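Asks: Sharing a structure, written as structure tokens. Questions coming.
What follows is calculated from the coordinates using simple rules that are stated; it is not laboratory data. Just so it is clear, the model here is predicted, and its values are computed rather than measured.
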């Protein structure tokens, strides 16, 4: 079956604020990535060898860029504290040196997913800065809240959940069939918490990756990406064994490092003083 071209522009919606720092969080053991500088566009990984990387912007975005949530921070001495919710619904408290301004810089959800079948399909869902793909072109609607877009890297499925836009890259080299696209469009659901975080769920044949899972050697569990680059914090059940700086952090060509803090793995990229400050100062406490 072939896709039918359809002209149109999705309706505008109210958006939530943004960031410059990069970091990602995820649940029951975690990892955080943070970037203090602009990063180069990511190159998609192979279909079976790993999850497609999250396309980053070429420069750190201004605070007016949509599709980013800026959390209200509590000031406690020289630190700030924000409450976050991961895409699987896990809640956590993040404490950091006030100068890092994580709450003001904002976060976006990141989540790995896979589908059943003879040829398992792995994809990484992410919230594009601005909500829609740069230089993208809308092709058609798949469901009332999911549309298919063309981009320089291949096709994108764009999901609408409240003020959020969530996407995954369907590369031209190993793209899904029309039937598979419809399965993915119908199977992933989302709800927005009172604080504005996006919580995801899925039904068969699509499954969301659990905290600590790794697909193709990459962290694939739920996460939050802070700022406008390629840093992330990813939950892992066994941080010493499953930790490691994710490829999104390493790809910016700057220094990158990570460390375990209990069940939480924190990674950061950028200038060395920034990386050291972030890894030393950020603390994550998962809520029961």
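Asks: Quick one: length gained pulling residue 257 to residue 192 fully straight, 0.36 nm per residue minus the C-alpha distance?
Replies: Working: separation 65, 0.36 × 65 = 23.40 nm, distance 3.20 nm.
Extra length available between residue 257 and residue 192 comes to 20.2 nm.
Asks: Moving on to the next point. When a/c reaches 1.5 or more, the comparison of a/b and b/c decides; with that in mind, is segment 167-210 rounded, prolate or oblate per its Cα gyration tensor?
Replies: Numbers: a/c = 2.62, a/b = 1.95, b/c = 1.34.
The shape class here is prolate.
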